[in-house]
Amino acid sequence: AVAAGVNLHGTAALAAAEAAREAGNPPNLVLAAAASLLGPRDAAPARTIVHALIDAFAAAGLRHAHDESFGVAAVSVDAAVRPLLSGPAPDARAEAMLAGLRARAGRSVFIRWLQAQDGYPSADGMLAAIAATLAWGPLSRKRISRLTAETLPWWLRIFATLIGASVPAERHEAGRFCGVEQDVLLASYGLNAIGCLALTGAAPSEAALFGFQTLVGLLLTNGPGTITAQGAKGAVASDGPETPERVLLNKATVGFLSHSGYAHGGNGYEGIAFLLDQFRDTELADPGDPEHGIDIETLAARCATDYALTKATQKTVGSSVTKIPCVNHPVFRDQPVNYDPREVWTHELFTQRGEYNIFQEYYHALVEALFKAGVSRVVYCVNIDAVIATVLLKMLWQPWRSGALPRSALETAAFTVFLYARMLGCAAEIDDHLNRGRDMDTRTPASQCRFVA
């Protein structure tokens, strides 16, 4: 469903995103421009179909959405819904989704039922059938509400559009996205691979996929009080979750995007720029090769000395002191030696896999050098934004060195991967408030909060 929607060639959403990009906006506002066009009418047909499917298949006693023995012939929906399901001629997007499902050996009672109806399946019918397949198990087990199940088609549209809008217009072509044929995308690319393709512009390697997956997992959320979640929940609360049909999911998505920025989300962006400046005069060929031949301790000491002089000069003239990106964190500080546990965990994870990253090692050397140079009274932590910057720069270093990627694309990628992860985390925040929130109230009682360690 997402693969079918990321190619925005010829759409108003892509035009809006490109106009925002040309105006000099950062990635969060580029995505917000596209999200603003995904109003309730966009997903209304698919949501109507999901509503009808839940009624019809619950009445028929369906237990498992992948049950190949379930008889679909007797299941019917209201006459008003039937025109939404199919049409007299093949729908290109629906046929592409069906071909992709066949290539993946996908099984779905809802897809099978849709194909048994008169005419050719519509794109809205396919989106609804896929959404119903995904939601049926959790809905049957009462893990999600019916409201959540019925909003899923809208979310799938939003996710696809945001990923697509993050890619410049020239990478959207008729039948091709980032150089990959549409049928290949639908037949073999998972969501992780689609995101990595959109971020890097190239078919991802296994190592790149693992790095991307790790970043998304780390960045999904950092707690219910995070700024992005506040923006998302505030947007829901202002529409009024006590009357959930009034809540605009695309507006709530814009709420999270408006509450992303250079300090919250874009620090990895600044980290990429910083690292490029530090390593631009080196002969680094492969950031993953531990035998790189570069003295990173000397490189870090030089940076610390230069920074100490700059800091002293700025204080003398009374100007604000420029900070080194991705170093220190307001939560993880004031110990003699400070650590961000998320950065420590990822460093250990990659080390256990036998993967080396010169940029992450450089940051470790840098915080030591800053302390030795008297810039800091303690050893600062290397924070989570450094993980974004170092993992991404390792993935993109060689394309940048070869000239295939401009510097601006590297810097933008660090901000964008934060947005990919938070679009998922904030969708959960929005759904939570849609189901349990109160009008004009963004608070979640502490007793109802859960965490995953």
### Message
Take the conditions under 21 Å from residue 327 (Cα atoms), touching a Phe, Trp or Tyr at 6+ places or on another chain (Cβ under 6 Å), small (Gly, Ala, Ser) and in contact (Cβ under 8 Å) with a residue 24 or more places away in the chain and apply them to residue 389. Does it pass?
### Response
no
### Query
Looking at the range 219-232, which of the residues that are open to solvent by less than 30 Å² (accessible area, probe 1.4 Å) and out of contact with any His (no Cβ under 6 Å at 6 or more places or on another chain) is modelled with the highest pLDDT?
232
### Query
Any idea how many residues of the range 345-374 are surrounded by fewer than 16 Cβ atoms within 10 Å (Cβ to Cβ), over 26 Å from residue 210 (Cα atoms) and of a type in the set (Gly, Ala, Ser)?
1
### Message
Looking only at the range 330-344, how many residues end up being modelled with pLDDT of 95 or more and open to solvent by less than 40 Å² (accessible area, probe 1.4 Å)?
### Response
1
### Task
Mind telling me which of the residues 44, 23, 33 ends up being touching a residue at least 40 places away in the same chain (Cβ under 8 Å) and of a type in the set (Gly, Ala, Ser)?
33
#### Entry: Residue count, the range 235-247 (criterion: in contact with a helix residue (DSSP H, G or I) (Cβ under 6 Å, 6 or more places away or on another chain) and crowded, with 16+ Cβ neighbours inside 10 Å)
6
#### Entry: Condition met for residue 209 (assigned to a helix (DSSP H, G or I), open to solvent by 30 Å² or more (accessible area, probe 1.4 Å) and closer than 24 Å to residue 397 by Cβ)
yes
### Message
Cβ-Cβ under 9 Å, sequence separation 6+ or interchain: first residue in the range 151-170 and under 14 Å from residue 40 (Cα atoms), partner basic (Lys, Arg). Which pairs?
### Response
151/47; 152/47; 153/47; 154/47
### Summary
Those residues of the range 387-408 which are over 14 Å from residue 212 (Cα atoms), in contact with a Pro (Cβ under 9 Å, 6 or more places away or on another chain) and assigned to a helix (DSSP H, G or I) amount to 397, 398, 400
### Task
For the range 389-413, name all the residues that are in contact with a helix residue (DSSP H, G or I) (Cβ under 7 Å, 6 or more places away or on another chain), of a type outside the set (S, T, N, Q) and modelled with pLDDT of 90 or more.
389, 391, 392, 393, 394, 395, 396, 400, 413
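Quick grid of which residues meet (1) exposed (fewer than 11 other Cβ atoms within 10 Å of the Cβ); (2) at pLDDT 90 or above:
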site: 298; (1), (2): no, yes
site: 304; (1), (2): no, yes
site: 310; (1), (2): no, no
site: 313; (1), (2): no, no
site: 318; (1), (2): yes, no
site: 328; (1), (2): no, yes
#### Entry: Residue list for the range 309-330, restricted to those being assigned to a helix (DSSP H, G or I) and of a type in the set (Lys, Arg)
311, 315
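The values are calculated or read from the model by the stated rules, or taken from the named source; none is laboratory data. Computed from a predicted structure; not experimentally measured. All Cβ positions, even for glycine, are placed from backbone atoms using ideal geometry, and neighbour counts span all protein chains on display. These accessible areas exclude ligands, DNA and RNA; they are computed on the full protein's heavy atoms, side chains included. Shrake-Rupley method; radii C 1.70, N 1.55, O 1.52, S 1.80 Å.
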